[in-house]
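Please read the structure below before turning to the comments.
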Amino acid sequence: MTALVRRLRVTDAVVVGLGAMLGAGVFAVFAPAAQAAGAGLLIGLGIAAVVAFCNATSSARLAAQHPESGGTYVYARERLGPFWGFQAGWSFVVGKTASCAAMALTFASYAAPGHTRLVGVLAVVAVTALSYRGVQRSARVSLVIVALTLVALVVVVVAALTGGTASTTNLTGVDPGGILQSAGLLFFAFAGYARIATLGDEVVDPRRTIPRAIPLALGIVLVVYLVVGVSALLAVGPDGLAATAAPLRAVVEAGSWAALSPVVQVGAAVASLGALLALVLGVSRTTLAMARQRELPPVLAAVDPRHGVPYRAELAVAAVVIVLVATLDVRGAIGFSSFGVLTYYALTNASALRLAPHEGRPPRWVSVLGLVGCTVLAVTLPLPSILGGLAVAVAGAITWAIRHRRTRT
């Protein structure tokens, strides 16, 4: 087997992390966060970043000991047992499927306001068709998407601060009771940070490089999101952000820079489609891996001989996403996604606690804080997200129990 080449240094790993995190989530997540906590969403953003740091650190140490595809699906299976490995994979598939719906709805909210469900469904169909043909997000495409995202965010900040509507009075109105809920929702915008943790075979001196790159990338993203969040609040206040599914477009349209609104629309639309493609690829491949282990229906393990893609898994994911797009709004999709992903990373931290000191176990407080943080943020999400997430977790447990009984008999 040919080994991967170790050529990435700290700066390269940070760039990879930025490319994974600076995406479409920021264009949608400030609306439900503002509805939950008002201007307190800024505190929630800091809490979400701390939890993300703990999760990424635990992921990095586990990836060094288990350098194989599957992430926490593998870590939890090896460290906690088969049931918890299944629950990790199940939570990932469910959470990221909801993320697909959130990205499709975000795309539609910016590209075709007023027709979000229809356009969202069409986006899912188009992206699935591309994925079926073997089209993937290359590094060059990812770089273009990040560049357009940053241009759009710069326009938002400039328009917010110089458009004539900015006022410090808009930073008041903090709802302390909703800060943790806003943190759970804002956690959605940091999705992708664990990409750094999977680079163990491609970076120079990974035991030093990865622990340095993770806080640097998270720190940069946190600063970008804070600048955007503060600017958006100054321009339209928490009520203005909460009133729309396209909050950053509303920020630009509120002031004298309204003519630049199409720049934000294009940036958000491109970022959303890029994120949707990446998510469909990731979820379908995890579904394929679980189907091969017979932890999901084996029929989903089929690979198209011509295009070399798990076409049944992709079609199944697309079908579920279309149902979610047709039934959820952006806020519901973000909350449901956050519950699944927080569950996944809670199991990541629990798995890291089982590492021995000689295996590079992270400081115990990091994994404990990550585990507690994920759990607290998950149970403070909007009630429909919690109930839906718990129902899915129970369904997963029943599925695993039925499969386990069949294999024993």
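The values are calculated or read from the model by the stated rules, or taken from the named source; none is laboratory data. Everything quoted here is computed from the prediction, not taken from an experiment. Cβ atoms come from the backbone with ideal geometry, glycine included; neighbour counts cover every protein chain shown. We work out accessible area using only protein heavy atoms, side chains counted, and drop any ligands, DNA or RNA first. Shrake-Rupley method; radii C 1.70, N 1.55, O 1.52, S 1.80 Å.
Report, to one decimal in Å, the Kirkwood hydrodynamic radius for region 313-409 based on all distinct Cα pairs. Let's see the in-between values first.
Numbers: mean 1/r = 0.0640 Å⁻¹.
About 15.6 Å, per the Kirkwood formula over Cα pairs.
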Heavy-atom accessible area per residue, region 253-360, 1.4 Å probe: how many Å²? 40
Run the simple label-point estimate for Val299 and Val174 please: 7 Å along Cα→C-beta, distance reported in nm. 5.4
Quick one: P(r) of region 26-108 from all Cα-Cα pairs, 10 Å bins, percents rounded to integers, in order of increasing distance. 16, 31, 34, 18, 1
In whole percent, how big is the carbon plus sulfur part of the accessible area of the chain, probe 1.4 Å, protein atoms only? 66
If you plug each phi of region 292-308 into the Karplus form 6.51 cos²θ - 1.76 cosθ + 1.60 with θ = phi - 60°, what whole-Hz ³J(HN,Hα) values come out, in order, with x for Gly and Pro? 5, 8, 6, 9, 10, x, x, 4, 6, 8, 5, 10, 5, x, 7, 9, x
Over region 289-409, what is the mean sequence separation of C-alpha contacts under 8 Å (at least six apart), divided by residue count, expressed as relative contact order in percent? 20
Over 20 Å [Cα-Cα, region 203-307], rounded percent: 65
Charge tally in the Cβ shell below 9 Å around Arg361, where Lys, Arg are +1 and Asp, Glu are -1, Arg361 excluded: +2
Would you tell me the accessible area of Ile210, worked out with a 1.4 angstrom probe on the heavy atoms of the protein chains, in Å² to the nearest 10? 10
For region 316-367, treating each Cα as an identical point scatterer without solvent, what Debye log10 I(q)/I(0) comes out at q = 0.20, 0.24, 0.30 1/Å? -0.73, -0.88, -1.09
Over the chain, what is the relative contact order in whole percent, taking alpha-carbon pairs under 8 Å and six or more residues apart? 34
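Given a Förster distance of 60 angstrom, what is the FRET efficiency for Ile43 paired with Ile402, based on the Cβ-Cβ distance and rounded to 0.05?
So the FRET efficiency works out to roughly 0.85.
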If amide hydrogens are placed 1.01 Å from N in the peptide plane, which non-local residues have theirs closer than 5 Å to the one on Ala191? none
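Can you compute the helix-only [θ] at 222 nm over the chain? Use -39500 (n - 2.57) per DSSP H run of at least 4 residues, normalise by all residues, nearest 500 deg cm²/dmol.
Details: 15 runs with 290 residues, N = 409.
Theoretical 222 nm ellipticity from helices: -24500 deg cm²/dmol.
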Spacing of the two label points (7 Å from each Cα toward its C-beta) at Asp205 and Ala243, in nm: 5.4
Working from Cα positions, state the angle (0 to 90°, nearest 10) between the long axis of helix 82-111 and the longest principal axis of the chain. 30
To one decimal place, what Kirkwood hydrodynamic radius in Å is obtained for region 370-409 from all pairs of distinct Cα atoms? 11.7
Spin-label point model (7 Å from Cα, Cβ direction): what's the Arg133 to Asp12 distance in nm? 3.2
